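The values are calculated or read from the model by the stated rules, or taken from the named source; none is laboratory data. Nothing here was measured: the structure is a model prediction, and the numbers come from that model. In this analysis, Cβ positions are derived from the backbone assuming ideal geometry, glycine residues included, and neighbour counts consider all displayed protein chains. Ligands, DNA and RNA are excluded from the accessible area calculation, which covers all protein heavy atoms including side chains. Shrake-Rupley method; radii C 1.70, N 1.55, O 1.52, S 1.80 Å.
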Amino acid sequence: MRKYIVAGNWKMNGTLADTQKLASEVVNMHKDEVNNGVEVVMIPPYIGITEVQRLAKGSEVKVGSQNCHKEDSGAYTGEISAPILASYGVDYVIIGHSERREYQSEDNTLLAQKVGQAHRHHLTPIYCVGETLEEREENRHFEVIEQQISEGLFHLSTDNIQRTVIAYEPVWAIGTGKTASKDEAQEIHSLIRDLIARRYSQHIADEISILYGGSVKPNNAAELFSMPDIDGGLIGGASLNSRDFIDICKAVK
Ligand code: PEP
């Protein structure tokens, strides 16, 4: 069944004290206020994962990682692998965030390997796609999304594609305060679902969760989440404020 998910990507934010405050506030508010069935995920920097897990223990809130390496282990200083994350009980892993595509030069071929790694170790990948402003202005956004989806995901088996979450995050909307309109977002979400239907089946496409990300805030979340192919959000800036993050979670109907 298609799952509604709101995941907070904390990026490179959170001292130990910040992490403890934010995670405990989210867990407590979630318990008291969120009863719409949405799956809520906190995604701190690697070092914060065990602390967030400790604070989320006994709650329904899940924990994710912002990345994983394509190999199981080895001489890759500063990296983290899927089996390490799995051994710590991590649930989700973001793969292909636009900041990693840009600053770490991660391309679709590498990301396809990382998605495969996540599945091999029973982590749920949140695979991010999205066009830049230039690509949209040149009217190439459909082609860019199609390439990111086909090259990053179409090697997956029927079983694994069903266990994959996709996040559409237009690069021009991330951290900029500019949000795609509900119709602009819906158009791409529906394209992604259609691509999955053509490669796999309509049934599988209907079951997949496709999240929207890019300056989602409490005041625009309900409108975006009301669209038929938008199944929740990947939230950056607003996930660092527990009140805003929980209000976004509550905006899923
Ligand atoms: C993100 O980084 O995934 C994101 C969507 O950021 P923001 O919500 O700050 O635009």
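Here are the numbers:
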item: 14 Å Cα-Cα reach of K250 towards aspartates and glutamates, excluding residues that sit fewer than 8 places from it in its own chain; result: D32, E33, E39, E223, D231
item: Helix runs (DSSP H) in the chain reaching 20 Å along axis by Cα, Kyte-Doolittle at least -0.5; result: none
item: Helix-derived mean residue ellipticity, 222 nm - over the chain, DSSP H n ≥ 4, -39500 (n - 2.57), to 500; result: -13000 deg cm²/dmol
item: Gaussian network model of the chain, springs between alpha carbon atoms under 10 Å - residue of T158, T77, T15 with greatest fluctuation; result: T77
item: The chain, dipole about Cα centre (Lys/Arg Cβ +1, Asp/Glu Cβ -1), debye to the nearest 20; result: 740 debye
item: Stokes-Einstein D (µm²/s) once Rh is taken as the Kirkwood radius of the chain over alpha-carbon pairs, at 4 °C in 1.567 mPa s; result: 72 µm²/s
item: E187, E25, ranked by accessible area, largest first (probe 1.4 Å); result: E187, E25
item: Long-range HN-HN contacts of G130 with modeled amide H, under 5 Å; result: E169
item: Whole-Å semi-axes of the ellipsoid equivalent to the stretch 104-253 (Cα gyration tensor, √5λ, descending); result: 24, 18, 16
item: Average accessible surface area per residue within the stretch 5-250, 1.4 Å rolling probe, Å²; result: 44 Å²
item: Rounded to the nearest 10 Å², the accessible area of E134 at probe 1.4 Å; result: 120 Å²
item: Area of L16 that stays accessible when all protein chains are in place (1.4 Å probe, Å², to 10); result: 110 Å²
item: Inter-part distance where the stretch 174-188 and the stretch 48-110 are each reduced to a Cα centre, Å; result: 26 Å
item: Where trypsin sites (Lys or Arg not before Pro) fall in DSSP loop in the stretch 1-61, at most 16 other Cβ within 10 Å; result: R2, K3, K57
